[in-house]
1. Of all residues in region 92-110, which are surrounded by fewer than 16 Cβ atoms within 10 Å (Cβ to Cβ) and farther than 16 Å from Lys29 by Cα?
2. Look at Ser63 and say whether it is without any contact (Cβ under 8 Å) to a residue 40 or more places away in the chain, under 16 Å from Ala130 (Cβ atoms) and part of a helix (DSSP H, G or I).
3. Condition check: more than 13 Å from Asp136 (Cα to Cα) and assigned to a helix (DSSP H, G or I). Does Lys7 satisfy that?
4. Identify, from the list Asn28, Asn87, the residue that is without any contact (Cβ under 8 Å) to a residue 60 or more places away in the chain and under 26 Å from Pro148 (Cβ atoms).
5. Do you know which of the residues in region 15-35 that are under 13 Å from Leu121 (Cα atoms) and of a type outside the set (Val, Ile, Thr) is surrounded by the fewest Cβ atoms within 10 Å (Cβ to Cβ)?
6. Examine region 105-115 for a residue that is among the charged types (D, E, K, R), in contact with a Gly (Cβ under 6 Å, 6 or more places away or on another chain), farther than 19 Å from Lys155 by Cβ and in contact (Cβ under 8 Å) with a residue 40 or more places away in the chain, and state whether such a residue exists.
7. Based on what the data block shows, is Tyr36 in contact (Cβ under 8 Å) with a residue 24 or more places away in the chain, part of a helix (DSSP H, G or I) and in contact with a strand residue (DSSP E or B) (Cβ under 7 Å, 6 or more places away or on another chain)?
8. Given the options Val57, Val77, Val133, name the one that is over 23 Å from Ile24 (Cα atoms), among the hydrophobic types (A, V, I, L, M, F, W, C) and in a helix (DSSP H, G or I).
Amino acid sequence: MVKKERKEELAELQKRLGYSFREIRLLNKALTHKSYVNETGGSLKHNERFEFLGDSVIDLIVSEYMIRKYSDYNEGVLSKIRAGVVNESGLAKLARKIDLGNFLLLGRGEEMSGGRSKSSLLANTYEALAGAVYYDSDLKSAAKIFLPYIKKEIKAYIETPASRDFKSDLQ
């Protein structure tokens, strides 16, 4: 069960995402770090299973998009691009764009050590959020939410000097 004041917070995040969870407890779980569960006990579950699922969800929606959009690129180039965007720093950047850190449930130690702004924690939570959306609905809904952000990052990545070798590979 999600407390009333927490439901109001979660409503704000749902508004930012443009998605309303059928089961709000799934969103709450996606935002619950293991440190919080360890300190509070009870029946609350942490987000690591959703993180596991979300990693695959993001990889699939990005891979499908890139296969369609960049049909002239070989799979080696596509893999390099995906790895350049879908990584800890890239996902943390996307998490910061929606201010995901402010919605996390963290234990005191993690809170005091700046957990809300740690790239690893934000990236993991972003994946957990993608997993929760998928679990609550379907792949199409997850793609609708997450792909617009990731498309911009893919385009920017391809246009950077670091990606010039990809363009050479293509030519």
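The values are calculated or read from the model by the stated rules, or taken from the named source; none is laboratory data. Predicted, not measured: the structure shown is a model, and the values here were computed from it. For neighbour counting, all protein chains shown are included, and Cβ atoms are generated from backbone atoms with ideal geometry for every residue, glycine included.
1. Listed by number, the residues that qualify are Arg96, Lys97, Asp99, Arg108, Gly109.
2. For Ser63, the condition - without any contact (Cβ under 8 Å) to a residue 40 or more places away in the chain, under 16 Å from Ala130 (Cβ atoms) and part of a helix (DSSP H, G or I) - is met.
3. Considered against the rule, which asks whether it is more than 13 Å from Asp136 (Cα to Cα) and assigned to a helix (DSSP H, G or I), Lys7 comes out as yes.
4. That would be Asn87, the only listed residue that is without any contact (Cβ under 8 Å) to a residue 60 or more places away in the chain and under 26 Å from Pro148 (Cβ atoms).
5. Here is the first cut: in region 15-35, the ones under 13 Å from Leu121 (Cα atoms) are 30-35.
Those still in the list that are of a type outside the set (Val, Ile, Thr) too: 30-31, 33-35.
Details: Ala30: 31, Leu31: 26, His33: 23, Lys34: 15, Ser35: 20.
Residue satisfying both the conditions and the ranking: Lys34.
6. The initial filter retains those residues of region 105-115 that are among the charged types (D, E, K, R), namely 108, 110-111.
Still in the list and also in contact with a Gly (Cβ under 6 Å, 6 or more places away or on another chain): none.
Scanning region 105-115, I find no residue that is among the charged types (D, E, K, R), in contact with a Gly (Cβ under 6 Å, 6 or more places away or on another chain), farther than 19 Å from Lys155 by Cβ and in contact (Cβ under 8 Å) with a residue 40 or more places away in the chain, so the answer is no.
7. Spelling it out, Tyr36 is indeed in contact (Cβ under 8 Å) with a residue 24 or more places away in the chain, part of a helix (DSSP H, G or I) and in contact with a strand residue (DSSP E or B) (Cβ under 7 Å, 6 or more places away or on another chain).
8. None of the other options fit; the residue is Val77.
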